[in-house]
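Visitor: Below is a structure I'd like to ask you about.
The values are calculated or read from the model by the stated rules, or taken from the named source; none is laboratory data. Since the structure is predicted, the reported quantities are computational estimates derived from the model, not experimental observations. Here the Cβ positions follow ideal geometry from the backbone for every residue, glycine too, while neighbour counts run over all protein chains shown. Heavy atoms of the whole protein, side chains included, go into the accessibility calculation; ligands, DNA and RNA do not. Shrake-Rupley method; radii C 1.70, N 1.55, O 1.52, S 1.80 Å.
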Amino acid sequence: MLIGLWIRDVVLIEALDLAVGPGLTALTGETGAGKSIILDSLGLATGARADAGLVRRGAGQAAVTAVFAPAPSHAVWEVLEEKGLSFARDEDLTLRRTLAADGRSRAFVNDQPASAGVLREIAGHLVEVHGQHETVGLLDARTHRGLLDNFGGLGADLAAVSAAWTAWRAAETRRADLAEEVGRAAAEAEELTDRLADLDRLAARHGEETRLADERALLGAAERTLADIAAAREALGGDTVVNRLAKAARALEHALDRAIKAGATEETPAVQRIMAAAQAVERALVECHDIEPAIDAAARAFDFDSGQLEKTEERLFELRAAARRLNVLVDDLPAVRVATAERLALIEDGEAAMREAIAAAEAARADYDARAAALSAARAAAGARLAVAVAGELAPLKLEKARFEVSVEPEPEDRAGPQGRDRVRFQIATVPGAPLADLGAIASGGELARLALAL
């Protein structure tokens, strides 16, 4: 995974470009040859504490670049995405650190500025350093389960367990939420029943408030409006206007006859004016015949029941009072009625809904249990294969009398999670007849180093 290390001005090293190939790479040399400097340089590039003493004497700054080639599916890419760093899964990953002589350092990920803490977090997915006198990741049993899953190729099983866990949690949340909702609704049942009865009796309709307000305004003005209409009817004077217009029409007709008998023609200007006047009077006479029926129709439109205004005001007051009690608009009352009925239905249907939610949660739990059990069995099988494989490596490493086993034990019920319910531990006994113990019980750093190499 580490494919290159470029070192500049670190302690004794002026410049070193180290390419790392696949498989095992060994750097050997006598004490003081600089092996530790290379490890210190790698540590600097992966976020270790920066010590100004690492800068080569006479140099202004030290610089180290570590290049990695993670697989496209490697978990480290998720860390970069979480940190908002750009990357391409099919390209190399570069970690770079510079250290000035005054102790100030700068860190970069793919040439993007970052903190040393981010370097350490990223490097935690890429590099593990084992030394005789330092705590190593292999001693942390929390890493063993992931190592075993990777060895056994259990990614698909793990994904299935994770999905089943998510579904189970969602079903449990749904069940708990529904139980809480039904409980609240049941406590409100009496109030909801009374409210629904009031809303059903009220039978409010959308837009009714506006219509009633308009009607009240019209009814309030009805008496004065009728008086004005009556005055208009009286101003017509019964048939007086019609009679006068009829008399005027007959007079103009006589005038037209005299003019024609005197020898005038229709083309004569005076005759044309008489004809125009006669036509105007005729039109007025026709309109007069329509005026009285129109006025009478207008009067009838305001001929309301004497109690209509009171009824309208009572209805409007009732609607507005109900809206105030419920803290809604009058136009929202129909929707409140529907919501109230649905809430009451939830109480009535709550038992059936709860049964369904409980059944769904139990089914999701059973599915998780089955998949977790399958994953446990696969881990046990992978652990047995790993123990055999490691045993084959121990003899050439002068640990032929050691025994290595992978313990896969169920976690307590409350420790189940998206990665299953197994506690995985690597155990070893280096002395014949001694009981197996966790790796942390190994006293010899040399034995631990050889076990790490075997793994």
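Visitor: Hey, could you check the stretch 53-90 for residues that are open to solvent by 40 Å² or more (accessible area, probe 1.4 Å) and not in a loop (DSSP other than H, G, I, E, B) and say which is farthest from residue 109 (Cα to Cα)?
Guide: Result: 53.
Visitor: Quick one: residue 108 ticks every box in (1) in contact with a Lys or Arg (Cβ under 7 Å, 6 or more places away or on another chain); (2) in a helix (DSSP H, G or I); (3) free of Cβ contacts under 8 Å to residues at least 24 places away in the same chain bar one, so which box is it?
Guide: (2)
Visitor: Also: Scan the stretch 69-83 and report the pairs whose first residue is over 13 Å from residue 95 (Cα atoms) and whose second residue is assigned to a helix (DSSP H, G or I) and open to solvent by 40 Å² or more (accessible area, probe 1.4 Å), with Cβ atoms within less than 9 Å and a gap of 6+ or a chain change.
Guide: Cβ pairs passing all conditions: 73/155; 79/121; 83/121.
Visitor: Then there's this: Residue check: is residue 109 out of contact with any strand residue (DSSP E or B) (no Cβ under 8 Å at 6 or more places or on another chain), of a type outside the set (Asp, Glu) and crowded, with 16+ Cβ neighbours inside 10 Å?
Guide: Numbers: out of contact with any strand residue (DSSP E or B) (no Cβ under 8 Å at 6 or more places or on another chain): no; of a type outside the set (Asp, Glu): yes; crowded, with 16+ Cβ neighbours inside 10 Å: yes.
Against the criterion (out of contact with any strand residue (DSSP E or B) (no Cβ under 8 Å at 6 or more places or on another chain), of a type outside the set (Asp, Glu) and crowded, with 16+ Cβ neighbours inside 10 Å), residue 109 does not qualify.
Visitor: Given the condition touching a strand residue (DSSP E or B) at 6+ places or on another chain (Cβ under 8 Å) and not basic (Lys, Arg), answer yes or no: does some residue in the stretch 77-85 qualify? Steps first, answer last, please.
Guide: Taking the stretch 77-85 first, the residues touching a strand residue (DSSP E or B) at 6+ places or on another chain (Cβ under 8 Å) are 80, 83, 85.
Filter again for not basic (Lys, Arg), leaving 80, 85.
The answer is yes, given that some residue of the stretch 77-85 is touching a strand residue (DSSP E or B) at 6+ places or on another chain (Cβ under 8 Å) and not basic (Lys, Arg).
Visitor: Please name all residue pairs, on different chains or six or more residues apart, with Cβ atoms under 8 Å, provided the first residue is in the stretch 9-20 and is without any contact (Cβ under 8 Å) to a residue 60 or more places away in the chain and the second residue is part of a loop (DSSP other than H, G, I, E, B) and hydroxyl-bearing (Ser, Thr, Tyr).
Guide: Short answer, once both residue conditions are applied: none.
Visitor: A follow-up question, please. Any residue that is in contact with a His (Cβ under 7 Å, 6 or more places away or on another chain), closer than 30 Å to residue 204 by Cβ and either in a helix (DSSP H, G or I) or open to solvent by less than 50 Å² (accessible area, probe 1.4 Å) (or both) - is there at least one of those in the stretch 328-340?
Guide: Let us first name the residues in the stretch 328-340 that are in contact with a His (Cβ under 7 Å, 6 or more places away or on another chain), namely 331, 334.
Checking the rest, the ones that are also closer than 30 Å to residue 204 by Cβ come to 331, 334.
With the extra rule that they be either in a helix (DSSP H, G or I) or open to solvent by less than 50 Å² (accessible area, probe 1.4 Å) (or both), the set shrinks to 331, 334.
The answer is yes, given that some residue of the stretch 328-340 is in contact with a His (Cβ under 7 Å, 6 or more places away or on another chain), closer than 30 Å to residue 204 by Cβ and either in a helix (DSSP H, G or I) or open to solvent by less than 50 Å² (accessible area, probe 1.4 Å) (or both).
Visitor: Among the residues of the stretch 420-430, is any among the charged types (D, E, K, R) and assigned to a loop (DSSP other than H, G, I, E, B)? Before the answer, list the steps.
Guide: Taking the stretch 420-430 as the starting set, the residues that turn out to be among the charged types (D, E, K, R) are 421-423, 425.
So of that shortlist, the ones also assigned to a loop (DSSP other than H, G, I, E, B) come out as 421.
Yes, the stretch 420-430 has at least one match.
Visitor: Give the residues of the stretch 390-411 that are over 16 Å from residue 141 (Cα atoms) and without any contact (Cβ under 8 Å) to a residue 60 or more places away in the chain, sorted by residue number. Give the derivation first.
Guide: First, the residues of the stretch 390-411 that are over 16 Å from residue 141 (Cα atoms): 390-403.
Correct list: 391, 392, 395, 396, 397, 398, 399, 400, 401, 402, 403.
Visitor: While we're on this one: Being loosely packed, with under 14 Cβ neighbours inside 10 Å and farther than 18 Å from residue 417 by Cα is the filter; apply it to the stretch 357-383 and report the residue that is farthest from the chain's Cα centre (by Cα).
Guide: 381
Visitor: Could you look through the stretch 388-404, keep only residues that are under 15 Å from residue 436 (Cβ atoms) and over 53 Å from the mean Cα position of the chain (by Cα), and pick out the one that is surrounded by the fewest Cβ atoms within 10 Å (Cβ to Cβ)? Explain how you work it out, then say what you get.
Guide: Residues of the stretch 388-404 that are under 15 Å from residue 436 (Cβ atoms), as a first pass: 390-391, 394, 399, 401-404.
Right, trim to over 53 Å from the mean Cα position of the chain (by Cα) and you get 399, 401-402.
Numbers: 399: 20, 401: 13, 402: 22.
Of everything passing the filter in the stretch 388-404, 401 is surrounded by the fewest Cβ atoms within 10 Å (Cβ to Cβ).
Visitor: Which condition does residue 81 not pass, out of (1) within 28 Å of residue 58 (Cα to Cα); (2) out of contact with any Lys or Arg (no Cβ under 9 Å at 6 or more places or on another chain), if it passes all the others?
Guide: Going through the list (1) within 28 Å of residue 58 (Cα to Cα); (2) out of contact with any Lys or Arg (no Cβ under 9 Å at 6 or more places or on another chain), residue 81 breaks only (1).
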